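Enquirer: My questions all concern the structure below.
The values are calculated or read from the model by the stated rules, or taken from the named source; none is laboratory data. This one's a predicted model, so the numbers in the text were calculated from it and none came from an experiment. Quick reminder, even Gly has a Cβ in these numbers, built from the backbone with ideal geometry, and neighbours come from all protein chains shown. Quick note on the areas: whole protein, heavy atoms, side chains included, nothing else; ligands and nucleic acids left out. Shrake-Rupley method; radii C 1.70, N 1.55, O 1.52, S 1.80 Å.
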Amino acid sequence: MAKKGRFSEFGEAIRNFWNSPGIPSFIEILEKGLDKELFFDPDKADSQIPKEDLPIDFRLRQSGFARKFYEKLFPVSHVFRITHRYGREFLDNFMPLSSENYIGRGSYKFVYTLPWNQVVKIGKSKLPSDPIFGSLYKEVQNNLERYLKTEEIGLMHHLQKAAWGESKRDEIRFKFARLGLERLHYWKLKSLIPDLVLPTRFFMGLRFRRSPLGIPVVTLTPCDNQNLLPGKHLKEFIRLNEKVRQNPIQDALFPKWKLNFDTHRFGIISKSKLKKIALDFHRVIEVTRYLANEEKLIFDIHSENIIITIPDFELKIFDYHVFDEHLYEPSKENPSPEVDHINLIKEFVSSFELG
């Protein structure tokens, strides 16, 4: 009994320590330094980075006929950050948008450049059945006060009170929980490889479109913004000049190529820079292994998530999503899904021919 009592006292001491007002909260740690990192003076804004120097995948920019028609009818106009102040919703941080500044879309977000060398990413509508909403979403859903700011929780309650029907109130809570989930995904990577992960601010946004009748179409959606860096997607450095041998049918229908790194495509990369890039890739591999082995999470990393900056030639990760292992579909060759990502990176690094 004495031993059990000592463990009980120890547990109580730990709880008191973490509940101490002197210990920073998750949000405080996450946002530390962001005001400085993302600060810009509109009167002293740098000249815009030329579009040809941006990491743009033009295939991602293309939309189908239905989407293009919708964008013509309801052109995007701007987005505000929405919070809760003075007992009501409060809009700040105006961000002008236009179809000309649309630079890409991922599975979960649309991306627009801003006039001050930053981007804003606007969350797409998603159903709760999407595999992104796994165990981490449940953690956020059950502990919203840990992952949302006080004013964000205040805004959520304020909007729910004004909503008609239980389903609308659930939809509002779902969007705020998704905002917290985005922060948690970011933190999973930022805490492990902070220098490789671009500083990102997550916020609840209010996006405006113009209707043909001039009536604004307003959407509440999670958003985030980052500084814009000149550079290229990883796959833009890839030289496809060596085919991987498969059977004749696969060769004809699903050809595969070795990923060879072109060191002269965007300027000559020195051997010391290549060694640094290779080392950073190995760190990404270790993080991928750690998340898979220790937390049963798959870091969903692709060449679209990584850029190599120009002219510094540094590796940066700017998109972050992790999935539950059992919700991520592995390939036939690798029953453990993280192996696909690791092998892709290893193959890429081996093409540096550093020995």
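Enquirer: Out of curiosity, is K276 modelled with pLDDT under 90 and not aliphatic (A, V, I, L, M)?
Expert: The answer is no for K276.
Enquirer: Can you tell me which residue within the range 234-268, out of those that are out of contact with any helix residue (DSSP H, G or I) (no Cβ under 6 Å at 6 or more places or on another chain) and buried (at least 19 other Cβ atoms within 10 Å of the Cβ), is modelled with the highest pLDDT?
Expert: F237
Enquirer: Starting from residues that are open to solvent by less than 40 Å² (accessible area, probe 1.4 Å) and at pLDDT below 80, keep the ones in the range 315-335 and report whichever is nearest to H302 (Cα to Cα).
Expert: Among those residues, the one meeting the criterion is S331.
Enquirer: Could you tell me whether the range 297-304 includes any residue that is part of a loop (DSSP other than H, G, I, E, B), within 27 Å of L228 (Cβ to Cβ) and modelled with pLDDT under 85?
Expert: Of the range 297-304, the ones part of a loop (DSSP other than H, G, I, E, B) are 300-302.
Still in the running and within 27 Å of L228 (Cβ to Cβ): 300-302.
From what's left, modelled with pLDDT under 85: 301-302.
Yes - at least one qualifying residue is present in the range 297-304.
Enquirer: Restricting to the range 41-90, and then to whatever is of a type in the set (S, T, Y) and outside any strand (DSSP E or B), can you tell me which residue is farthest from R265 (Cα to Cα)?
Expert: Once the filter is applied, the top-ranked residue is Y86.
Enquirer: Here are some residues: P50, P42. Which one is modelled with pLDDT of 80 or more, open to solvent by 40 Å² or more (accessible area, probe 1.4 Å) and more than 30 Å from L127 (Cβ to Cβ)?
Expert: P50
Enquirer: Also, quick follow-up: Check off (1) at pLDDT below 90; (2) open to solvent by less than 40 Å² (accessible area, probe 1.4 Å); (3) not polar (S, T, N, Q) for D92 and give me the number that stays unchecked.
Expert: All conditions are met except number (1).
Enquirer: Exactly one condition in (1) at pLDDT 95 or above; (2) farther than 30 Å from S47 by Cβ; (3) within 16 Å of the chain's Cα centre (by Cα) is false for V120; which is it?
Expert: Failing condition for V120: (2).
Enquirer: A further question follows. What pairs come out if I take residues in the range 47-76 that are farther than 26 Å from H233 by Cα and of a type in the set (S, T, Y) and pair them with residues that are in a loop (DSSP other than H, G, I, E, B) and open to solvent by less than 90 Å² (accessible area, probe 1.4 Å) whose C-beta lies under 9 Å away, six or more apart or interchain?
Expert: Y70/S63
Enquirer: Go through the range 289-344 residue by residue and tally those that are of a type in the set (D, E, K, R), farther than 25 Å from G180 by Cβ and in contact (Cβ under 8 Å) with a residue 60 or more places away in the chain.
Expert: 0
Enquirer: Please go through the range 191-220 and give me each residue that is under 30 Å from L315 (Cβ atoms), in contact (Cβ under 8 Å) with a residue 40 or more places away in the chain and assigned to a strand (DSSP E or B), ordered by number.
Expert: V197, R201, F203, G205
Enquirer: Okay, moving on. Go through the range 142-191 and count every residue that is open to solvent by 50 Å² or more (accessible area, probe 1.4 Å), over 15 Å from the mean Cα position of the chain (by Cα) and not acidic (D, E).
Expert: 12
Enquirer: Still on this structure, please answer the following. Being out of contact with any Phe, Trp or Tyr (no Cβ under 8 Å at 6 or more places or on another chain) and of a type in the set (A, V, I, L, M, F, W, C) is the filter; apply it to the range 70-113 and report the residue that is nearest to D130 (Cα to Cα).
Expert: Here the answer is F74.
Enquirer: Could you check the range 199-219 and list, in sequence order, the residues that are open to solvent by 20 Å² or more (accessible area, probe 1.4 Å) and touching a Lys or Arg at 6+ places or on another chain (Cβ under 6 Å)?
Expert: V217, T219
Enquirer: On to the next question. Can you find even one residue in the range 98-112 that is assigned to a helix (DSSP H, G or I), polar (S, T, N, Q), farther than 21 Å from K188 by Cβ and in contact with a strand residue (DSSP E or B) (Cβ under 9 Å, 6 or more places away or on another chain)?
Expert: Residues of the range 98-112 that are assigned to a helix (DSSP H, G or I), as a first pass: 99-101.
From what's left, polar (S, T, N, Q): 99, 101.
Filter once more, so that each one left must be farther than 21 Å from K188 by Cβ: 99, 101.
Those still in the list that are in contact with a strand residue (DSSP E or B) (Cβ under 9 Å, 6 or more places away or on another chain) too: 99, 101.
For the range 98-112, residues assigned to a helix (DSSP H, G or I), polar (S, T, N, Q), farther than 21 Å from K188 by Cβ and in contact with a strand residue (DSSP E or B) (Cβ under 9 Å, 6 or more places away or on another chain): present.
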